[in-house]
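Report on one structure; see the data block that follows.
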Amino acid sequence: MANPPKSGNFDKKPPMNVEEYDTFIRLFCGAYEEMFKLTHCYLRAILPRQAKILVVGAGTGMEILEFAPLNPGWSFIGVDPSADMLAFARKKFSEKNLAGEIELKKGYVDDLKEEEVFDAATCILVMHFLRDDGSKLELLERISKHMKPGAPFILIDGFGEPASKDFEEISVAWKNYPIISGVPGETVEQIFKEVIMKTVQFVPESRIMELLETAGFIRVSKYFSGFLYGSWIGYKK
Ligand SMILES: C[S@@+](CC[C@H](N)C(=O)[O-])C[C@H]1O[C@@H](n2cnc3c(N)ncnc32)[C@H](O)[C@@H]1O
């Protein structure tokens, strides 16, 4: 595949209004904020005080807003094809007076300098927009190429088999998450049908493990799961 895997384009075809992303994601992705806190705990346990972190799909800046304030020696490069999402991230960084080395680049992992390597990388709620037609693997391989041996990699992504009974049962529980926060049931049904089920390319967890292994990640383990999202940590071979 000659071109970077491009999907989930939040500028051309946003699954929701970019201005509403921060509210939407907290309603529709169970334990969204906790997921970042747990990830932060893992990275702090592994990384030294000085570390350079690649944030793939930096979006509206959640990873950097969570990690940067308590880890002044960590520097960040965030890549994301969406200028609109990155504009929101920049606005939030400036409101919070985030200091330190933070660079946001509009583009893909491919747009990084070839020799640029990182002590850690994250890919949170991004890969599931790509089809399993070589695009998911290609994204992981491209990230892996920019990581130092032994560097930790965080993947948070949708997983499951849409035709299975498990998927159906978990979806019912998942839909209750926005419902108990006050979103009308019909709206939730419509968002699941028109947004989530049309944009998220679910694959079984076993396939996620296979993709990670093929892309060169070892000692992969799942540290969190909320409905049909999982959080995995692995290490570049
Ligand atoms: C659901 S948002 C997640 C943002 C952030 N990681 C978070 O968890 O809040 C997905 C982001 O991935 C970006 N994206 C889509 N395809 C991408 C790709 N191939 N490489 C990097 N980012 C991509 C989108 O533009 C969007 O900002």
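The values are calculated or read from the model by the stated rules, or taken from the named source; none is laboratory data. Computed from a predicted model, the values in this text were never measured in an experiment. Positions of Cβ are generated from backbone atoms using ideal geometry, with glycine treated the same way; all protein chains shown enter the neighbour counts. We work out accessible area using only protein heavy atoms, side chains counted, and drop any ligands, DNA or RNA first. Shrake-Rupley method; radii C 1.70, N 1.55, O 1.52, S 1.80 Å.
Here residue 36 meets the list (1) near the ligand (Cβ under 10 Å from one of its atoms); (2) over 22 Å from residue 150 (Cα atoms); (3) in a helix (DSSP H, G or I); (4) among the hydrophobic types (A, V, I, L, M, F, W, C) almost entirely, failing just condition (2). Taken together, 86, 70 contain a single residue that is surrounded by fewer than 14 Cβ atoms within 10 Å (Cβ to Cβ) and of a type in the set (A, V, I, L, M), which is 70. Out of the residues in segment 99-144 that are closer than 24 Å to residue 21 by Cβ and β-branched (Val, Ile, Thr), state the one that is farthest from the ligand (Cβ to nearest atom). Selected residue: 102.
Here are 206, 225: which of them is under 24 Å from residue 34 (Cα atoms) and of a type in the set (Gly, Ala, Ser)? So the residue among 206, 225 that is under 24 Å from residue 34 (Cα atoms) and of a type in the set (Gly, Ala, Ser) is 225.
Just wondering, is there one or more residues in segment 75-96 that are small (Gly, Ala, Ser), in a strand (DSSP E or B) and without any contact (Cβ under 8 Å) to a residue 60 or more places away in the chain? Checking segment 75-96: at least one residue is small (Gly, Ala, Ser), in a strand (DSSP E or B) and without any contact (Cβ under 8 Å) to a residue 60 or more places away in the chain. All conditions in (1) more than 8 Å from the ligand (Cβ to nearest atom); (2) on the phi < 0 side of the Ramachandran plot; (3) among the small types (Gly, Ala, Ser) hold for residue 58, with the sole exception of (1). Taking the criterion of being in a loop (DSSP other than H, G, I, E, B) and either open to solvent by 10 Å² or more (accessible area, probe 1.4 Å) or in contact (Cβ under 8 Å) with a residue 60 or more places away in the chain (or both), the residues of segment 55-67 that qualify are 57, 59.
Applying the criterion of at least 3 residues that are at negative phi and open to solvent by less than 10 Å² (accessible area, probe 1.4 Å) to the strands (runs of 3 or more DSSP E) found wholly in segment 150-237 leaves 152-158, 229-236.
In this structure, is residue 110 of a type outside the set (A, V, I, L, M, F, W, C), surrounded by 20 or more Cβ atoms within 10 Å (Cβ to Cβ) and touching a residue at least 12 places away in the same chain (Cβ under 8 Å)? No. Annotation: residue 136 fulfils all but one of (1) within 26 Å of residue 212 (Cβ to Cβ); (2) surrounded by fewer than 22 Cβ atoms within 10 Å (Cβ to Cβ); the unmet one is (2). Total residues in segment 108-124 satisfying the condition of being in contact with an Asp or Glu (Cβ under 8 Å, 6 or more places away or on another chain) and assigned to a loop (DSSP other than H, G, I, E, B): the figure is 0. Scanning segment 35-51 for residues that are in contact (Cβ under 8 Å) with a residue 24 or more places away in the chain and open to solvent by 80 Å² or more (accessible area, probe 1.4 Å) returns 37, 42, 44, 49, 50.
Of the listed requirements (1) within 8 Å of the ligand (Cβ to nearest atom); (2) on the phi < 0 side of the Ramachandran plot; (3) open to solvent by less than 40 Å² (accessible area, probe 1.4 Å), residue 76 misses just one: (1).
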